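We did not get these values from a lab; they are worked out from the coordinates using the rules stated. Note that the structure is predicted; figures quoted are calculated from it, not measured. Quick reminder, even Gly has a Cβ in these numbers, built from the backbone with ideal geometry, and neighbours come from all protein chains shown.
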Amino acid sequence: MTTIEPNLSTRLLGKVAIVTGAGGGIGECAAELFAANGAKVIVADIDLDQASRVTQSIQDKGGTAYSVKVDVSDEAQVQEMVDAAVGQYGTLNVIFNNAGIFPADDGGALDTPLETWDRVMQVNLKGVFLGTRCAIPKMLQAGGGSIINVASFVALMGAATAQVAYTASKGGVLAFTREVAVEYARKGIRANSICPGPIETPLLAELLSDPARRERRLVHIPIGRFGTAQEIANGALFLASDESSFMTGSQLVIDGGITGAYVTPQ
Ligand SMILES: NC(=O)c1ccc[n+]([C@@H]2O[C@H](COP(=O)([O-])OP(=O)(O)OC[C@H]3O[C@@H](n4cnc5c(N)ncnc54)[C@H](O)[C@@H]3O)[C@@H](O)[C@H]2O)c1
């Protein structure tokens, strides 16, 4: 949950924004922050109860939001989500393709089940592709827009503990986003990725609940702690706003210094 109060800022005033995976974690925080900055927000999640909870919370603070149930790996549902944004609010300016999964049985190249590999690719990579593909025609009609895709720091460097499907899917997000950025740069659509470091959200809850596994990861973070959903949402807000108007095809790394470190001081 964000602690941002509504109407503190107008950085997204007049914009319509879709946030996928907005029923919890980073997406929830971003939906709240976008709304608090004046955006009309489509709160999209596979879990409609959670999406509705977030929408209610935004509305209770005076913000504007509408819930949509979506499985981002399903083309028809993603198209419906985008159509709902335009149907509700008349246009589409921003899509934050944030929904992602990190299954416990995603492991090494030899032991990751094929079904796990496929599902991770479906949600983490195809979901980003579909969100982007369905949003582009509406953004062209709007005269431009901002596409923000969530990758991970693991797309930039190898991890000691293998999670091959997740890592490969996030590497795909970076490459895909660059291609889209170049293709649409002169048409007013910007596309950027965010690479979060380890963030304390439900996605990592199980992993971080084990003190030994927690400590093993913490030792690699120069800043000395895990990140918060708010710290990633802040980056998404910048990329969604016109403040980042000369930034496209890029990746915003918000990782507590992990990718900058060779050895972390203790
Ligand atoms: N938490 C981290 O440490 C971390 C680090 C790097 C990248 N990321 C990425 O950030 C994004 C958000 O992660 P989070 O930590 O907030 O996760 P989370 O598990 O806390 O929340 C993810 C949300 O996405 C929804 N979701 C799952 N599958 C979906 C689908 N098929 N369609 C629509 N919604 C779906 C879930 O219901 C949930 O509300 C993910 O792409 C994740 O890979 C997270």
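Odds and ends about this structure:
- For the range 27-76 and the range 131-181, distance of Cα centres in Å: 20
- From helices alone, the chain scores -13000 deg cm²/dmol at 222 nm; the rule is -39500 (n - 2.57) for each run of n ≥ 4 DSSP H residues, then divide by the residue total.
- Across the range 16-254, the convex hull enclosing all Cα atoms gives 119 Å³ per residue.
- Relative contact order of the range 16-254, defined on C-alpha pairs under 8 angstrom at six or more residues apart (%): 20
- Amide H contacts for Asp255 (H built 1.01 Å from N in the peptide plane; partners 5 or more residues away or on another chain; cut-off under 5 Å): Gly197.
- Hits among aspartates and glutamates - C-alpha to C-alpha of Lys138 under 15 Å, sequence gap 8 or more where chains match: Glu80, Asp83
- The range 1-109 pair-distance distribution - Cα-Cα, 10 Å bins, rounded %: 17, 49, 25, 7, 2
- Inter-label distance, nm, simple model (7 Å from Cα along the C-beta direction), Ala159/Asp242: 3.9
- Candidates Asn37, Asn234, Asn149: whichever shows maximal mean-square fluctuation once the chain is modelled as a Gaussian network with Cα springs under 10 Å: Asn234
- Across Lys15/Lys170; Lys61/Lys187; Lys40/Lys170; Lys69/Lys187; Lys69/Lys126, pairs whose alpha-carbon gap is larger than 24 Å: Lys15/Lys170; Lys61/Lys187; Lys40/Lys170; Lys69/Lys187
- If you run the Gaussian network model on the chain, springs between alpha carbon atoms under 10 Å, then out of Ser209, Ser244, Ser73 the most flexible one is Ser209.
- Estimated distance in nm for a label pair at Glu215 and Ala175, the labels positioned 7 Å out from Cα along Cα-to-Cβ: 3.9
- Note on the chain: with a GNM built from Cα contacts shorter than 10 Å, the maximum mean-square fluctuation among Gly23, Gly108, Gly38 falls on Gly108.
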